[in-house]
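Reviewing the structure listed below.
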Amino acid sequence: MDAKFVMDGLDTMIENPRCELEHSTPFELLVAVILSAQCTDRRVNMVTKELFKTCNTPKDFADIPLEILEEKIHSCGFYHNKAKSIKSASEDILKRFGGKVPEKFDDLLTLAGVGRKTANVVTAVAFGGDAFAVDTHVLRVSNRLGLVGTEDPYKCEQQLCQIFPKDCWSKLHFQMVLFGRYTCKAIKPECEKCVFNRECPHSRV
């Protein structure tokens with residue numbers, strides 16, 4: 001499928017995509033994205049709704065005892081590593097970035113627990129930059145639609161950035177996430193609801 005066909009189709013199905021992780025600051029978004037690894041946004045939002053009542057700044061997370069933070073985020077899974085990453089990132093933000101989440105992509109990558117996906121989401125959502133974050137949904141959808149032919153998230157990101165106009169990257173990322181989450185599902189894709197079903201090699205219609 002060509003780029004324009006995919007963009008037009010996604011616009012038809014998901015006109016105004018948005019990040020479903022609830023947050024009110026760039027730092028809250030950073031924490032939420034770290035927690036979202038191998039966890040649903042719905043679960044993360046349930047956890048952060050309570051968590052952010054008492055901890056919502058880098059200093060709060062740097063000061064909270066690790067065991068208590070682990071208890072608060074336990075239901076998000078992988079809580080040992082996530083708690084360590086959040087505390088370490090918070091300490092770095094305080095020491096190296098004056099208490100504010102850095103806006104530069106390369107600086108974001110230096111924070112604990114922050115890979116390309118997380119840095120791209122923060123860049124796009126918190127700072128309005130052009131970024132194409134590749135999560136499991138974007139990777140699956142991109143391959144099913146024949147846009148890429150790789151299971152490597154980095155290679156997928158690079159190929160998508162070559163295919164689509166830069167000023168559309170962030171919007172397309174969220175469109176693909178929502179499309180993959182609610183229509184082009186991993187186990188039971190709802191092909192009958194999809195505008196791509198006649199062109200998609202994986203269509204079941």
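So here's what we get for this one:
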read-out	value
In region 25-41, the residues that are touching a residue at least 12 places away in the same chain (Cβ under 8 Å) and either touching a strand residue (DSSP E or B) at 6+ places or on another chain (Cβ under 7 Å) or of a type outside the set (A, V, I, L, M) (or both)	THR25, PRO26, PHE27, GLU28, SER36, GLN38, CYS39, ASP41
Set ALA62, ALA89: member being under 20 Å from the mean Cα position of the chain (by Cα), farther than 15 Å from THR25 by Cα and among the aliphatic types (A, V, I, L, M)	ALA89
Region 165-195: number of residues that are closer than 12 Å to ALA131 by Cβ and not polar (S, T, N, Q)	8
Residue within region 6-18 that is more than 18 Å from ALA119 (Cα to Cα), assigned to a loop (DSSP other than H, G, I, E, B) and polar (S, T, N, Q) present	yes
Close pairs from region 117-138: first of a type outside the set (A, V, I, L, M, F, W, C), partner assigned to a loop (DSSP other than H, G, I, E, B), Cβ under 7 Å, at least 6 apart	LYS117/ALA133; LYS117/VAL134; LYS117/ASP135; ASN120/ALA131; ASN120/PHE132; ASN120/ALA133; THR123/GLY129; THR123/ALA131
Subset of region 143-184 [under 21 Å from ALA37 (Cβ atoms), touching a Leu at 6+ places or on another chain (Cβ under 8 Å) and either at pLDDT below 95 or surrounded by fewer than 20 Cβ atoms within 10 Å (Cβ to Cβ) (or both)]	GLU151, PRO153
Filter result for ALA89 (of a type in the set (A, V, I, L, M, F, W, C), touching a helix residue (DSSP H, G or I) at 6+ places or on another chain (Cβ under 8 Å) and closer than 16 Å to ALA37 by Cα)	yes
Residues of region 97-110 that turn out to be in a loop (DSSP other than H, G, I, E, B) and free of Cβ contacts under 8 Å to residues at least 40 places away in the same chain, as a count	7
Those residues of region 156-188 which are in contact with a Gly (Cβ under 9 Å, 6 or more places away or on another chain) and part of a loop (DSSP other than H, G, I, E, B), in sequence order	ALA186
Residues being over 17 Å from the mean Cα position of the chain (by Cα) and part of a helix (DSSP H, G or I) - total across region 136-154	2
The lone exception for GLN38 - which of (1) on the phi < 0 side of the Ramachandran plot; (2) of a type in the set (S, T, N, Q); (3) surrounded by fewer than 19 Cβ atoms within 10 Å (Cβ to Cβ) it fails	(1)
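Let's see how each residue does on (1) over 19 Å from THR123 (Cβ atoms); (2) of a type in the set (A, V, I, L, M); (3) crowded, with 18+ Cβ neighbours inside 10 Å:
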| position | (1), (2), (3) |
| --- | --- |
| LYS4 | yes, no, no |
| GLU20 | no, no, no |
| HIS23 | no, no, yes |
| VAL31 | no, yes, yes |
| LEU51 | yes, yes, yes |
| LEU69 | yes, yes, yes |
| ILE73 | yes, yes, yes |
| LYS82 | yes, no, yes |
| LYS95 | yes, no, no |
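The values are calculated or read from the model by the stated rules, or taken from the named source; none is laboratory data. Computed from a prediction, not measured in an experiment: that's the story for all the values here. Glycine gets a Cβ as well: all are built from the backbone with ideal geometry, and neighbour counts include every protein chain shown.
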